[in-house]
Amino acid sequence: MQKKFLDNFYDVLFVPEHAFDDLNNNPNVKQGLRIVVFISILSYLLHMKFPSDIGAIALTTFRILALSFSGIISWIIFAAFLEMVAAIFKKNGKLKELLTLTAFALAPWIFLAPIELFRTTNFISNFVGILLSLIVWLWTTVLIVVSVMKAYNLSLGRTLVLLVLPFAGGIIAFNWIVGFFATLGGILGV
């Protein structure tokens, strides 16, 4: 089981097309859960100051546990929300596949740890660190788009609509709510 997890992880980094096909056909949410927890903890550890006393150690431990839980909840809500939006395309029913694929799409984040070594006071090395971090972010974003495409068997255009639709709907809903209360305020003379 462990070897298969590492094989999947490696394949997502270096042969993502094959890996996503395999993971889509054989989804493993437990393996995805490991990645989400690991990336949640890693993201915190990269930017924390190491605690010096027992109280700070306890607080750091609590933060790590809370961030792990928060990462899991965010991952599940993201997938569940996409699953609801996918119903528009009559492609829903792929939650297990989507959870697995989107978790493995986070795999490039492991490179942020060594990239942080570039982030020093030297302008050039800091610039290189920022550039490499942006590349990892873009790589992860592309893998998330590909994972959604694979999970729902959508074209790139439909996948982008699936991903952008919630943001557009949120902006329209916010605009409508503000307009509603502004009109109501005008009617009431406020």
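The values are calculated or read from the model by the stated rules, or taken from the named source; none is laboratory data. Keep in mind the model is a prediction, meaning the values are calculated, not measured. Cβ placement follows ideal geometry from the backbone for every residue including glycine, while neighbour counts extend to all protein chains displayed.
It is to be established whether one or more residues within the range 60-75 are in a helix (DSSP H, G or I), touching a residue at least 60 places away in the same chain (Cβ under 8 Å) and more than 15 Å from Leu143 (Cα to Cα). No, the conditions are met nowhere in the range 60-75. Scanning the range 36-79 for residues that are of a type in the set (Phe, Trp, Tyr) and closer than 18 Å to Pro108 by Cα, we see that the one that is nearest to the chain's Cα centre (by Cα) is Trp75.
For (1) of a type in the set (Val, Ile, Thr); (2) in contact (Cβ under 8 Å) with a residue 60 or more places away in the chain; (3) exposed (fewer than 13 other Cβ atoms within 10 Å of the Cβ), each residue gets a yes or a no:
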| position | (1), (2), (3) |
| --- | --- |
| Leu106 | no, yes, no |
| Ser125 | no, no, no |
| Leu132 | no, no, no |
| Tyr152 | no, yes, no |
| Leu160 | no, no, no |
| Trp176 | no, no, yes |
| Gly179 | no, no, yes |
| Gly186 | no, no, yes |
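If only residues of the range 1-58 that are part of a loop (DSSP other than H, G, I, E, B) and in contact (Cβ under 8 Å) with a residue 40 or more places away in the chain are counted, the one that is surrounded by the fewest Cβ atoms within 10 Å (Cβ to Cβ) is Leu46. Suppose the filter is within 17 Å of the chain's Cα centre (by Cα) and either under 18 Å from Ser40 (Cβ atoms) or modelled with pLDDT under 85 (or both); does Ala107 pass it? Taking the combined requirement at face value, the residue satisfies it. Restricting Leu117, Leu98 to those that are closer than 27 Å to Phe9 by Cα, surrounded by fewer than 17 Cβ atoms within 10 Å (Cβ to Cβ) and of a type outside the set (Gly, Ala, Ser) reduces the list to Leu117.
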